[in-house]
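The next block holds one structure in the form of structure tokens; read it before the comments.
Derivation of every value follows stated rules applied to the coordinates shown; laboratory data play no part. As the structure is a computational prediction, the values presented were derived from the model and not from experiment. In this analysis, Cβ positions are derived from the backbone assuming ideal geometry, glycine residues included, and neighbour counts consider all displayed protein chains.
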């Protein structure tokens, strides 16, 4: 018996809302901790931009394979812009360094690099390097197979 309560019993435990609030707080703390321990938000930005460019290079290659016609991915390191197949384009943030190494014969303009993917999957090959401080990523395109790979780079001043 509940002596002295004089009313309905209140159930013990936590409400669904309280549990959700705690889960959101734990998730937010985890994301912030991962950012700090994994090299910070600056490295996350670097990795994200490198993945975006690698994805667009792969898309351009897939487009060449699907159409059987050459497709060009171009990048302007000074202007910090890139353009892929179908007019897809983007900008590289000011906080990142950009370098391009590739075949001079396919450059669309002075200072602008390009990688051409052919209908059989081959490419002219090249490398896009993104960096921030001592951290960096190389996005390589193999000339024979057109395969796009991304790996950490040793950045030299």
Most mobile of 73, 41, 14 in a GNM of the chain (Cα contacts under 10 Å): 14
Can you tell me the FRET efficiency between residue 109 and residue 42 if r is taken as the Cβ-Cβ distance and R0 is 22 Å, rounded to the nearest 0.05? 0.10
For the chain, modelled as a GNM with alpha-carbon contacts under 10 angstrom, which of 31, 21, 128 fluctuates the most? 21
What FRET efficiency, computed as 1/(1 + (r/R0)^6) with R0 = 22 Å and r the Cβ-Cβ distance, is obtained for residue 34 and residue 134, rounded to the nearest 0.05? 0.60
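Only helical DSSP H runs with n ≥ 4 go in: add -39500 (n - 2.57) per run for the chain, normalise by residue count and round the 222 nm mean residue ellipticity to 500 deg cm²/dmol.
-11500 deg cm²/dmol
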Given a Förster radius of 41 Å and the C-beta distance between residue 17 and residue 89 as r, what FRET efficiency does 1/(1 + (r/R0)^6) yield to the nearest 0.05? 0.40
Taking 7 Å along the Cα-to-C-beta vector as the label spot, tell me the residue 145-residue 101 distance in nanometres, rounded to one decimal. 2.0
Suppose the Debye formula is applied to equal point scatterers at every Cα of the chain; what is log10 I(q)/I(0) at q = 0.11, 0.15, 0.18, 0.20 Å⁻¹? -0.54, -0.81, -1.02, -1.18
